[in-house]
1. Using the number of other C-beta atoms within 10 angstrom as an exposure proxy, rank 85, 109, 55 with the fewest first.
2. Below 12 angstrom from the Cβ of residue 37, what's the summed charge of the other residues (Lys, Arg +1; Asp, Glu -1)?
3. Less than 13 Å Cβ to Cβ from residue 98, Lys/Arg counted +1 and Asp/Glu -1: what total charge do the surrounding residues give?
4. Tell me, in nm to one decimal, what length is gained between residue 91 and residue 109 on full extension, where the rule is 0.36 nm per residue of separation less the Cα-Cα distance?
Amino acid sequence: MKDRSAGSKGAAASRGRPAPRLAGSRTVSLPGEESFVVAYLRDPREKIWGLLLRMETAGFWIRGIELNAFEDWAREVRSAASPSMGLSTTFLPFLRVEKIVADERTGSMPSLAERFETLAGRPVAEFVGLR
């Protein structure tokens with residue numbers, strides 16, 4: 001039988017003490033920042049396409065739009081002088097993230113960024129601040 005005295009390092013010894021926490025939200029430098037991604041989220045379920053701006057320990061910043069509005073937005077950019085919808089800069093906590101997928105060409109299938117340029121007739125860089 002294990003010794004569960006106050007000096008032991010088992011679970012009983014840690015009861016009543018708060019869990020260790022990281023001080024502040026430090027920025028983590030990860031590959032993939034400033035690239036286009038699709039973020040799959042839960043609670044509520046949604047998909048966000050956009051430019052991954054910065055990763056932090058608690059989540060990430062993205063400048064994007066819900067994937068279900070992507071093609072409508074691209075078509076509106078082409079036809080309207082002043083589109084009624086656009087990108088927003090949002091912090092998404094990792095608690096909501098199922099996965100993050102790079103927006104890249106797959107064989108003959110274009111990336112969403114390439115699809116935007118085809119539909120809108122303008123480079124997506126103009127709309128995400130990458131001029």
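Rule-based calculations on the coordinates, nothing more; no lab input. Since this is a predicted model, take the numbers as computed values, not measurements. Because the Cβ atoms are built from the backbone with ideal geometry, glycine has one as well, and the counts that use them run over all protein chains shown.
1. Working: 85 13, 109 9, 55 18.
The order, fewest Cβ neighbours first, is 109, 85, 55.
2. Surrounding charge for residue 37 is -1.
3. Spelling it out: positives minus negatives among the neighbours equals +3.
4. 3.6 nm
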